[in-house]
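Let me begin by presenting the structure, written as structure tokens, before commenting on it.
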Amino acid sequence: MLFRSIISGHYNYIISYDYNKGKQYRIYKDGKSLQHSSAIVYEKNDEVKLIESCWDGYARIWNFDSGKLLQKINVVVENEKLKKILNSICLWDNDYAFVGYDGAYIILVDIKNGNLIKKLKVNDNAPLLSIEKISTDSYGECLITQGFNRNEIKLWVI
């Protein structure tokens, strides 16, 4: 099912669709969660998973096929007076994720342990629309980001 799906974020749930059959596959819902921003489907240890970011400050990992919530990671940075909005998410080697946090930070999260490892200051005051992992000849593996209402694209050497 992994390569025949369309993922759609909604106010309080995520839906996957089987586009070959033209119908809904699963709904991923966790109680009172808010707007779901970004979702990625990946495979880890022979299990297909969906990881997503949400406006309630949590990143969630689901079993893609069963719809079961496997892990809920609090990405809110302590002692920061920011909204809890997570805007975008990018996997890094299926063990880590970079999460865009309220236009102020990119947070590196250890998915296995649910730990926040590092925060990178963005200084955009606008939500990050996208975070992607790329590879360059000059810098190797990097992140590339673009913020909402910003024309600039930033390259982050990790």
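The values are calculated or read from the model by the stated rules, or taken from the named source; none is laboratory data. In this text the structure is predicted, and so the values were computed from the model without any measurement. Cβ atoms come from the backbone with ideal geometry, glycine included; neighbour counts cover every protein chain shown. Only protein heavy atoms, including side chains, enter the accessible area calculation; ligands, DNA and RNA are left aside. Shrake-Rupley method; radii C 1.70, N 1.55, O 1.52, S 1.80 Å.
Would you be able to say whether some residue in segment 6-26 is among the aliphatic types (A, V, I, L, M), without any contact (Cβ under 8 Å) to a residue 24 or more places away in the chain and open to solvent by less than 40 Å² (accessible area, probe 1.4 Å)? Yes, there is a match, as at least one residue in segment 6-26 is among the aliphatic types (A, V, I, L, M), without any contact (Cβ under 8 Å) to a residue 24 or more places away in the chain and open to solvent by less than 40 Å² (accessible area, probe 1.4 Å). Regarding segment 47-61, can at least one residue be identified that is on the phi < 0 side of the Ramachandran plot and in contact with a helix residue (DSSP H, G or I) (Cβ under 9 Å, 6 or more places away or on another chain)? Yes, the conditions are met somewhere in segment 47-61. What number of residues in segment 28-50 are under 14 Å from ASP65 (Cα atoms), among the charged types (D, E, K, R) and either open to solvent by less than 40 Å² (accessible area, probe 1.4 Å) or part of a strand (DSSP E or B) (or both)? Matching residues across segment 28-50 total 4.
Return yes when TRP55 is more than 15 Å from LYS84 (Cβ to Cβ) and either β-branched (Val, Ile, Thr) or within 16 Å of the chain's Cα centre (by Cα) (or both) and no when it is not. No: the conditions fail for TRP55. Candidates are the residues of segment 80-116 that are of a type in the set (Phe, Trp, Tyr) and open to solvent by less than 10 Å² (accessible area, probe 1.4 Å); the one that is nearest to GLU132 (Cα to Cα) is PHE98.
In segment 60-86, the residues that are under 15 Å from GLU43 (Cα atoms) reach residues that are open to solvent by 80 Å² or more (accessible area, probe 1.4 Å) and in a loop (DSSP other than H, G, I, E, B) with C-beta atoms within less than 7 angstrom, at least six apart or across chains, in these pairs: TRP62/LYS68. Evaluation of ALA97 against the conditions (1) assigned to a strand (DSSP E or B); (2) at pLDDT below 90; (3) closer than 23 Å to ILE7 by Cβ; (4) not aromatic (Phe, Trp, Tyr) shows that the sole unmet condition is (2).
Of the residues examined, ALA59 is one that is modelled with pLDDT of 80 or more, open to solvent by less than 30 Å² (accessible area, probe 1.4 Å) and closer than 18 Å to ASP93 by Cα. For segment 100-114, the set of residues classified as farther than 17 Å from ARG60 by Cβ and of a type in the set (Val, Ile, Thr) consists of ILE106 only.
For (1) within 15 Å of the chain's Cα centre (by Cα); (2) part of a strand (DSSP E or B); (3) not aliphatic (A, V, I, L, M), each residue gets a yes or a no:
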| residue | (1), (2), (3) |
| --- | --- |
| GLU80 | no, no, yes |
| LYS84 | yes, no, yes |
| ILE106 | yes, yes, no |
| ILE117 | no, yes, no |
| ILE131 | yes, yes, no |
| ILE134 | no, yes, no |
| SER138 | no, no, yes |
| ILE144 | yes, yes, no |
